[in-house]
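Read through the structure below, which is laid out as structure tokens, and then see the notes.
The values are calculated or read from the model by the stated rules, or taken from the named source; none is laboratory data. These figures come from a predicted structure and were not determined experimentally. Neighbour counts run over all protein chains shown; Cβ positions are idealised from the backbone, glycine included. Only protein heavy atoms, including side chains, enter the accessible area calculation; ligands, DNA and RNA are left aside. Shrake-Rupley method; radii C 1.70, N 1.55, O 1.52, S 1.80 Å.
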Amino acid sequence: MLVVSPKAIDDLTQQGKVAAGATLNMGRTGLALVGHKGSARPDIGTVESFKRTLLEARLVAYSATGESGIGFLKILDRLGIAEAMKPRIRSNSNMSSLVESGEAEIGITGIGAGLSYTQLEYIGPLPAAVQEYVYMAAGVGANAKSPEAARALLKYLGDPAVVLAMSANGLEPPAAK
């Protein structure tokens, strides 16, 4: 089984790499700000305060790979501060290590990841007006060695109680159709 974007699942299904009818739209997670444990929590409740927090930061870390890093760069463009932020942002495959070490003051990550870090301070989600989302879907590979077990896992992940638990950990369920 693999977890990727819904578009990737659709593309892989059309290519015959994911079994038709063996997919699950899992939902989306927004981006959040994290900081060094015990540091002052910046105000990010409005677009202006979030923008000010970024511009005043010595260094902001973000993921070098994945959708959260791409989303963060889009946000900088929309805020009109991409050029001003270039010397103050650093991508890393392990964003949390830059913040943990104090090299970066703050980091941008997915809400679920931000909530799970024990060595970092979860500051909160980005303001709704600038929020970017990472969408997730799961599918069973067409050549899976244990397709029935993978299908059972998809069914389990779609169970309302599991969806509720994932929602409490930053994954918003997909919109009802």
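Observations
- In this structure, the residue pairs whose Cα-Cα separation is over 24 Å, taken from Lys7/Lys51; Lys7/Lys155; Lys74/Lys155, are Lys7/Lys51; Lys74/Lys155.
- Amide H contacts of Ala137 (H built 1.01 Å from N, under 5 Å, at least 5 apart or other chain): Val4, Ser5, Met26
- Only the Cβ atoms of Lys and Arg (+1) and of Asp and Glu (-1) were treated as charged; on that basis the dipole of the chain about its Cα centre amounts to roughly 220 debye.
- Three-way shape call for region 59-104 based on the alpha-carbon gyration tensor, with the a/c threshold at 1.5: oblate
- For the chain, the carbon plus sulfur part of the accessible surface works out to 54%, probe radius 1.4 Å.
- For the chain, share of DSSP beta bridges that run antiparallel, in % to the nearest 5: 75 percent
- Surface exposure of region 22-128, expressed per residue as accessible area with a 1.4 Å probe, stands at 46 Å².
- Sites Ala165 and Ser5 - FRET efficiency at Förster radius 35 Å, r taken between beta-carbons, to 0.05: 0.95
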